[in-house]
Every structure is written in C-alpha cells, then in structure tokens.
Amino acid sequence: MQDDRAEISLPDKIYFRIGEVSEFTVIKPYVLRYWESEFPDIKPIRRKSQRLYDRETIHLILKIKNMLYEQNFTITGAKKKLKEQDNQKRVSTKVNVLLHEVLSELKSIKKLTE
C-alpha cells in the first residue's frame, strides 16, 4: 500500500483547523465531521468551538480517504481494516519487546559463561 504521508506537504505547524485540513485532503468539512462520528481514532482537539487536527490525524484521514475512495471499502470495512492494522502493530510491538528481552537474557548468559 502506498504511503499517504508523501501525498501532501503540510506547513510547519502543530495543529490545523478543519478548513485547512479540508483543503489539504480535498475532503469537505461536513465529511470530516461525519468521519469523526464513525472513526473513533479521529479525535480533533476542540478549543473555542474550533476543531484542531494534528499531523497524525491528518495522515489517518488520508488513509481512510484512500480506503473509501480508491480501494472501495465501505465505512464498516475500513473500520475493520484499521482495527486489524492496529492489532497487528500491537502484536508486532509485543514481539519486539519479547525479542529484546530474550536477547538481553542471552547476552547475560553469555557473559556468565565467559
């Protein structure tokens, strides 16, 4: 799958208003607001009735856009796929932690036998 991060170049800011996100992603603000209700990981910060999105959320929006508009997923299918990917990341992280622990143990055993 292509990396959506290469798709747009964001200005050097921490947070972006919904209008800016709409321009960057070419998604109407009402669609972004709807996606907030459908995808729990889209959680903009709210300050003074403004929605502020961080870079990670914008990249998630682009990923969802790709799944819905390019890969023809349904919203339910996109949710399921995102959940599967999140679970895979968690499993991968746990495996990496376990591998580092095993490597550390092996190194300590090697030092004891020398």
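Any read-out appearing in this document is the output of simple, stated calculations on the displayed coordinates, not a laboratory observation. Note that this is a predicted model, so its numbers are computed, not measured. Cβ sites come from the backbone with ideal geometry, for glycine too, and all protein chains shown count toward neighbours.
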Contour minus end-to-end for ARG33 and LYS111, with contour as 0.36 nm per residue of separation and end-to-end as the Cα-Cα distance? 22.3 nm
Taking the square root of 5λ for each eigenvalue of the C-alpha gyration tensor of the chain, the equivalent ellipsoid has semi-axes, largest first and in whole angstrom, of 38, 18, 13
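For n ≥ 4 DSSP H runs only, could you compute -39500 (n - 2.57) per run for the chain, divide by its residues and tell me the 222 nm figure to the nearest 500? Walk me through the numbers on the way to the answer.
Numbers: 4 runs with 68 residues, N = 114.
Only helices count here, giving -20000 deg cm²/dmol.
Mind checking the full-extension length gain between ASP86 and GLU20? Use 0.36 nm per residue of separation minus the Cα-Cα distance, one decimal, nm. All intermediate terms of the calculation are to be shown ahead of the outcome.
Details: separation 66, 0.36 × 66 = 23.76 nm, distance 2.69 nm.
Here the segment from ASP86 to GLU20 would lengthen by 21.1 nm.
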Which whole-angstrom value gives the distance between the alpha carbon centres of the stretch 41-74 and the stretch 78-108? 25
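Which of the GluC sites (Glu not before Pro) found in the stretch 6-53 are in a DSSP loop and have at most 16 neighbouring Cβ atoms, other than their own, within 10 Å?
GLU7
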FRET efficiency, VAL95 to ASP54 (Cβ-Cβ, R0 35 Å, nearest 0.05): 0.80
Kindly count the pairs of lysines across the stretch 67-114 whose alpha carbons are less than 23 Å apart, treating pairs on different chains or eight or more residues apart as eligible. 8
What nm distance separates the two modelled labels at ILE8 and VAL102, each placed 7 Å from Cα along Cα→Cβ? 4.2
